[in-house]
Structure formats: structure tokens, C-alpha cells
1. Quick one: compute a quarter of the convex hull surface over the Cα atoms of chain A and quote it in nm².
2. If you look at just the Cα atoms of the protein assembly as shown, how large are its Rg and its Dmax in Å?
3. For the protein assembly as shown, what is the calculated [θ] at 222 nm in deg cm²/dmol (nearest 500), taking -39500 (n - 2.57) for each run of four or more DSSP H residues and dividing by its residue count?
4. Translational D (Stokes-Einstein, µm²/s) of the stretch B:4-47 at 20 °C and 1.002 mPa s when Rh comes from the Kirkwood sum over C-alpha pairs?
5. In nm, to one decimal, how far is the A:GLN144 label point from the B:HIS89 one, both placed 7 Å along Cα→Cβ?
6. For the stretch B:199-247 and the stretch A:90-109, compute the distance between their C-alpha centroids and round to whole Å.
7. According to the Cα gyration tensor, what semi-axes, each the square root of 5 times an eigenvalue, does the equivalent ellipsoid of the stretch A:52-148 have, listed from largest to smallest in whole Å?
8. Set the bar at 22 Å for Cα to Cα. Now go through A:LYS170/A:LYS193; A:LYS56/B:LYS56; A:LYS211/A:LYS252; A:LYS107/B:LYS287; A:LYS211/B:LYS292 and name every pair that lies beyond it.
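Rule-based calculations on the coordinates, nothing more; no lab input. Here the structure is a predicted model, which means the values were calculated and not measured. All Cβ positions, even for glycine, are placed from backbone atoms using ideal geometry, and neighbour counts span all protein chains on display.
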Protein chains: 2
Amino acid sequence: MVGIREIAKRANVSISTASYAINGSSKVKTETRDRILAIANELNYIPNMAGRTLKKQKTNLIGVYLTNYGGAFYGELVSGIHDFLHQHHYDVIICSSERAHTFIPEKMVDGAIILDSTFSTEKIESYAARGHQMVVLDRELSHQNVCSVLLDNRGGAKKALLALEKKVTKKIYLVTGPPGTYDSNERLAAAKKCLEERKLSYEVILGDFSKESGRQAAREILQKSEKEVGIFCLNDEMAIGMYSVFQKSNWKIGKDIHIVGFDNIEVTHYLRPRLTTIDYSKSDWGKAAAEKIYFMLNGKQPSNQLVDVKLKGGKSVGSI
Amino acid sequence: MVGIREIAKRANVSISTASYAINGSSKVKTETRDRILAIANELNYIPNMAGRTLKKQKTNLIGVYLTNYGGAFYGELVSGIHDFLHQHHYDVIICSSERAHTFIPEKMVDGAIILDSTFSTEKIESYAARGHQMVVLDRELSHQNVCSVLLDNRGGAKKALLALEKKVTKKIYLVTGPPGTYDSNERLAAAKKCLEERKLSYEVILGDFSKESGRQAAREILQKSEKEVGIFCLNDEMAIGMYSVFQKSNWKIGKDIHIVGFDNIEVTHYLRPRLTTIDYSKSDWGKAAAEKIYFMLNGKQPSNQLVDVKLKGGKSVGSI
DNA sequence: CTGTTAGCGCCTTCAG
DNA sequence: CTGAAGGCGCTAACAG
């Protein structure tokens, strides 16, 4: 491997001069700098990350922790994060295994953005206590070194139910995500509250945010219920699963049964009838998270933030 | 930050003894090791990545380069990669920006798996020339330090056309991916060859593997053509886009028009009629890639590999 | 079994 | 404007 000393030797300068030249310091005559850079270039010199990191104690890397990586909306979210951070000279790596959590205390990344329910809150807190800075997207967490950017789950749930209530007289089903998930809990709590205030009859079905659990919930509803019910699927994935079951039944979506999802993931645009769902900008969400971590790394203390959501009308909620 | 010297001091041992203890060397009495580990634990010691890397010249990290990250099948692919590499004590990071390419020569990663058409072949070759090892999933590339795991695109194209030919008399359209993309080129070449051998009439429409380009192609076909045509979409995404256009027309998929895709991405399972497509195991693909890079890093010279594909029948190719 | 020591590659203060 | 030197945190000969 060709290192900085090699370049210094060939250019007949000291190591430090070579370093200055490479890092564009004004301490070197333009002339010598150009000569050094030419040699570096010729030798295909590329600085070694570990060496630089060890000295600078900074990697300019942000770790983005995602699970269920194949899931639907990560692409846009990550783009939003990338776009902002690149402009501010940070690189982004996506990490999706538990072992990668240690990158944070190992100082392989300068900061982290976390949307990963397998990343325990205790661990996050212990890292925060060590002085590492993080932005969380999937839980509330109050700490000097942690800041959150959360969806307005409660607002979204209300909007979803408002849309359903208008069309449904008999019963409303709430299909949840995995127990303990923040987003699911919030949406469920807000939905229950909303329904109870209006004294509407409802039932909760446990799901896990997967298409398969949507299918199961749909089968359960078909068996135990009559037509003219409404379903608030706490995410779109499950709604997709439901479609495949109802479309094989004699219940017509948007007529016998009304469905609202959450997330407005792109593939739902190809469902027929089009799914009514709760929409928000994934890239804005990512951008907000990126901004927060950037500010934190620069000594500011940003406040938590809520991401707006709105109802996206489809035909899965129709007239009775 | 608490470092190894701090631990050594508190334990009244030398730095090296502390290091040995922490790394589980048998050179230390069990008793002293336990004592040292206890102290390390108490101080919440976590080794610094840069320091270790600088010394060992090895990160145990594999970079996986993906673009169009939101795309459909990356989840399974990445799982396949993860599963294998974790068992062999490597961690995986996903990189999706051009700037991250330099992680390879900077030695931030020990090796790379590349499925990213924005990663130029010249760059890959130059890194290979520097001694870095890579596995490519989206091009042919012959080099000591590069090895490829490719889909059997040609076989898949043949199978797709075989399915179409049986049902279509009039004309077959081939809708391509972005020009210059290996997978698209291969599928297209094989499809053309196949059709020419059988003297069937066909037409090529330029796409770019996106849903939107599928929609455009569908509109074009609606305008210029009569019913009873067949379409080989060189990937599923475009087929999905087509569905949305044809479903608004009076052409019935599987009857007036026959469609075959490529990839068998999960969301096509929710299309009606179900899409006929070319299927392969994404996780096996990832696993194969992971194995290759692992073997290469351990001094073996694995051979290139082809991933089997097969026809997955749906109802988008029906009887006329 | 344990301690001493010499770097890994790079940056940066301090002299010159 | 340039050079010498120290050190970031850790490992691994080599001595003891």
C-alpha cells in the first residue's frame, strides 16, 4: 500500500508537508503542492481511513439502523437522509444487524439514525450516556444526546377513523402491528380513544405489520362478521394482505367492507380499488432526521419533531 | 473515552496483558484475565475500531453496494448475504452513494459485493488492481480479484418467451431496462435471438426498469397495436406499471394481452391476474455472493457462478 | 505468564 | 514555507 511517507520521499519533502499538500492546507507553496499532488495521483494514493480516523477521532459517517430492510418505504427515507448529509460532507451507511449496533460505541460512526425496534432503548440510553449522539424515529426518548423525529401517529389515526366513520355503521376493526411497537401502540391508542369518545363499537385484532398477518385478520373478519364493516389497518402492508383475501371472497372492498391503511407505500397505488391511507413524506422524514443528527454533531441541541400526516383518499372507503 | 491503558493501569498490569485478556488470549492466567475483564466491564470499555483496524489492517466488514435502494428485492438479497457472513464473523454495511465507493480503497471494508450500475467497471478494475477483492452481481468482469455471481438472464428470457409464444400469434413486444444495463442487455439479446430463430415478429420498446416506464410502454402499445399481443417486460416493476394502464383500458390482461415479467418480486403476487414471471431465489443469490467474497478473502479463487431461474406461471398469460 | 516496545497511517503543534 | 516529533488506540513480536 502506498502511504503518505512514500509520497513524501518521492517528492523530497517531509511527511508533514505531504500531508498538508494533500489536505489543501495553505501552508504549502502552490508550486510544491501541485508537485506533491501530481505524485500522489500518479501513485494512486488514497488515504487510509483507519489512520485518519484514529488521529481525527471522527469518521464523517452516519449509521442508519433499519430492520426489515426490504420493507416498503425505506428507499425514500434513505434518500432524504442521504441528500441532506451528503451536502454536509457526511457519508451514510445502512446497518441492519444487531452486531452493527456496536459501531456506535466503537466510534465507527459519528452518529446514528435509528428506525429499528430490535435496537433496545436501554442500549440506546447506554450509548447516549457514553456521549454518542443519535436520532430515533421509532420511540420517545428523552436524553441530552438523543432527539426524536416521529410521525404524527395519533393525528393520523384520527384522520383514518374520521374517514371510516362516515361510511360505516356496524363495526370497526383495528388491526395492530407487533405488540410493543411504538407506532402501533400510538395509532391503536388514538384510534381507541377516538372510537370510545364516539361510542362506536370496535374490535382489536392483533397483527404484526406483515402482509401475512393482514391475510389472517381478513379471514377472521370474514368468518365472524357481517358485511358493512370498517377496518383500520395500522399499516399498508397488512392492508395489501387483506386485499388478497377479500378479493377472493364475495365481499366487495369499498362497498361491503371499508379499509384504511397507514403509510401510503407506493405499491398500494396499484391495488384496485385504490387504498385509502395515511400519507406523509418519507423523504422529508429522512431529511428532518438528517438535519437533527447534523446539528447535534455540531453542538446544537435540536428539539424533537413531529412529521405531519394527512389522509390520502382512495376507493377502498366508498359509499354504502 | 476509556481506553486499554486505563484498564491496564487500574488492574495493575501492562497494556499488553490487558489487550491479551480482552482478546481472550491463552497467554494470561484465567484469574488475571477475569480480573481484567471485570474492570473493563465496569468501566464500560469498548475497543476503538480505528485503533484496532489500523493495527490489524482488517475491519471484518463487507460493503454491499446497491442503488435504487428502495427497489423491490433487496431485502431478501441482503438477508442472504447477512446470514452467511455473520456466521463467518463479518459484518455488513449497505452503501448506496457514489462517495462510498472509496471505502474500498480506503480499506474501510475488507471486500465488497456490488449490484450497482452507477459503479463504473473501470473503477472496479482499478480497485482490483490495487488488490481489493470484490464480487459483482451485475456485470461480467474477469480479474484475479473479482468474481461474479450472475442471474441466468438468457435462460430466463428463453423461458419467458416460450410461455408467451404459445399464446400469441400477432406480435411480441420487448420492453427493456436502461440502456447499458447488463441484465437488460442479456435478457434482450437472448429474447431477440429466440424470436428471430422462430421468425416471429417483435418490436423493442425502451424502458428503464421503472414502473413509470412500464406505464409509458403500455400506452404506446395500446395506441399502435391491436389486441392479441404479447409483452415480455424485462423486469417486474415495469409490468406493474403496465397493469395500471391496461386495467383502465378495455384490454384484458391474460386475454387480449399477455405479459411476462422478470424477478418475481413479492408485490406482483398481489396483482390480478397474477403475473407470470421469471423467478429465482434472491437469498440464494445473496448467499452465493457472500460465499464468494468470503472465500476470496481467505485466499481461495472461486469460480464465477450462474443463478438458476425458472418460470413462475401466473394468469397474465392466458389462453387466447 | 507478564512487561517492554515498536509500530499500523495519518495529522498537527512546534521549531526552524 | 518546511521539517521533526509526538501521539491517536490497539496489537503482537520479543524479552524477561
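1. Working: hull surface 78.9 nm².
The orientation-averaged projected area of the Cα hull of chain A comes to 19.7 nm².
2. 27.9, 87
3. Working: 22 runs with 260 residues, N = 640.
Helix-only estimate at 222 nm: -12500 deg cm²/dmol.
4. Details: Rh = 9.8 Å.
D, rounded to a whole number, is 219 µm²/s.
5. Output for this residue pair reads 3.7 nm.
6. What the calculation gives is 42 Å, centre to centre.
7. Details: eigenvalues 73, 63, 31 Å².
Three semi-axes, in Å: 19, 18, 12.
8. Working: A:LYS170/A:LYS193 18 Å; A:LYS56/B:LYS56 19 Å; A:LYS211/A:LYS252 19 Å; A:LYS107/B:LYS287 29 Å; A:LYS211/B:LYS292 33 Å.
The answer is A:LYS107/B:LYS287; A:LYS211/B:LYS292.
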